[in-house]
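Below is one structure, written out as structure tokens, with a few remarks after it.
Here, each number is a calculation from the coordinates, and none is a lab measurement. None of the values given here were measured: they were computed from a predicted structure. Every residue, glycine among them, receives a Cβ derived from its backbone with ideal geometry; neighbour counts consider all protein chains shown.
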Number of protein chains: 2
Amino acid sequence: MAAKSLPLSRVYRLLEPGPVVLVTTAHRGRANVMAMSWHTMMEFEPPLVGCVISSRDYSFDALTATRECVIAIPTVEIAAKVVGCGNTSGRRIDKFARFGLTPLPASRVKAPLVAECYANLECRLEDARLARKYNFFVLRVLKAWIDPARKHPRTMHHMGRGVFMVAGRTIRLPSRMK
Amino acid sequence: MAAKSLPLSRVYRLLEPGPVVLVTTAHRGRANVMAMSWHTMMEFEPPLVGCVISSRDYSFDALTATRECVIAIPTVEIAAKVVGCGNTSGRRIDKFARFGLTPLPASRVKAPLVAECYANLECRLEDARLARKYNFFVLRVLKAWIDPARKHPRTMHHMGRGVFMVAGRTIRLPSRMK
């Protein structure tokens, strides 16, 4: 990816439409990546992101221990890799190697960026108060990267049981909302 | 809307793709409706939904006081009404009347369903622990309604500053995820 720094004030525009994302962690010398789509923006700036990562997932322990992760946003061109990450566990395999994803060094966290994704958000764990009861984490985005060449990224949106909606056309309406 | 009861186990399929939703409340004899897209699934069944409703919004007080709301999911056919709800405050106007939305009685809560929406979720406030710090509410879906005639609802997905992505085609992949 040709990465350009994205102002933190624009991060909400990437996550608010609800794409499936990849979440990377690095723990005990190993990087891992999982697919996730239970997330929401919680604040514009600094950008706060709430997300659910199950305690059954290998990434739960890595995130809890290191308090860092990267949220990478894939597009439909790499759908097979994304689904592969969702179908497997980092306990057993190196998913970067298995699915041909390229880890790149991040600037603020040890978790890697994903080169094949059009945007990458370096995050620090901000609040884990609801982690025990709901597996819910509040993340703060420290640094955001985007591929400036990708004008209309076709994000994937999970509808359950193998069905994904692919981002369609965009329309402009006289909204006064940020 | 021709409303059919939807099993609670399927609610996540409606919200996980990230659509803009309407949230209705009823407080002190008045119904109100707001537009919202900072939400995430938190549990499959019973379905838990996390969402951010700003303390500046009129609905914040109604939700806090009554502990009930309805999440209604609109499609692009009523985009102008949705944006109208987002641009205005229930403090000053009756948005149902102003934007030609039809409130219908719900079965488990006093907040109304929205007839023009293809799905309606009756919700009770489950956890407000993060409400003070992040305006974040955990809602439990008690009852779900869907229009069985709408096979490919074109949901709207907010991208900021008046730009919305309209749900595109769907694809099927060999995902083992629920």
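What to note about this one:
- Mean separation of Cα contacts under 8 Å (6+ apart) over length of chain A, as relative contact order %: 27 percent
- Paramagnetic label zone (point 7 Å from Cα along Cα-to-C-beta, B:Arg176; backbone N under 17 Å) in the range A:82-109: A:82-96, A:98-99
- Modelled FRET efficiency - R0 25 Å, A:Lys133 with A:Glu45, Cβ distances, 0.05 increments: 0.35
- GNM result for chain A, Cα springs below 10 Å: residue of A:Ala111, A:Ala128, A:Ala35 fluctuating most strongly: A:Ala128
- For the range A:116-178: rounded, prolate or oblate by the Cα gyration tensor [a/c cutoff 1.5]: prolate
- Centre-to-centre, using Cα atoms only, the range B:137-170 and the range B:18-85 are separated by 12 Å.
- All other residues whose Cβ lies under 11 angstrom from that of A:Glu122 are scored, Lys and Arg at +1 and Asp and Glu at -1, for a net of +4.
- Residue of A:Leu22, A:Leu101, A:Leu139 that the Gaussian network model of chain A assigns the largest fluctuation, springs spanning Cα pairs under 10 Å: A:Leu101
- In order along the range A:170-178, the phi-based Karplus estimate (6.51 cos²θ - 1.76 cosθ + 1.60, θ = phi - 60°) of 3J(HN,Hα) comes to 10, 10, 10, 10, x, 7, 9, 6, 5 Hz; Gly and Pro are listed as x.
- Distance violations [Cα-Cα > 26 Å] among A:Lys178/B:Lys81; B:Lys95/B:Lys151; A:Lys133/B:Lys95; A:Lys81/A:Lys110: B:Lys95/B:Lys151; A:Lys133/B:Lys95
- Looking down the axis that turns chain A into chain B, the chain A residue with its beta carbon nearest that axis, and the gap rounded to whole angstrom, comes out as A:Gly18, 1.
- Cα shape, the range A:86-144, gyration tensor, a/c 1.5 rule: oblate
- Cα-based Rg and Dmax for the range B:48-128, where Dmax is the largest Cα-Cα distance (Å): 12.6, 34
- Gaussian network model of chain B, Cα within-10 Å springs - most flexible of B:Ser59, B:Ser37, B:Ser107: B:Ser107
- Per residue of the protein assembly as shown, the DSSP helices (runs of n ≥ 4 H) give a summed -39500 (n - 2.57) that works out to -4000 deg cm²/dmol at 222 nm.
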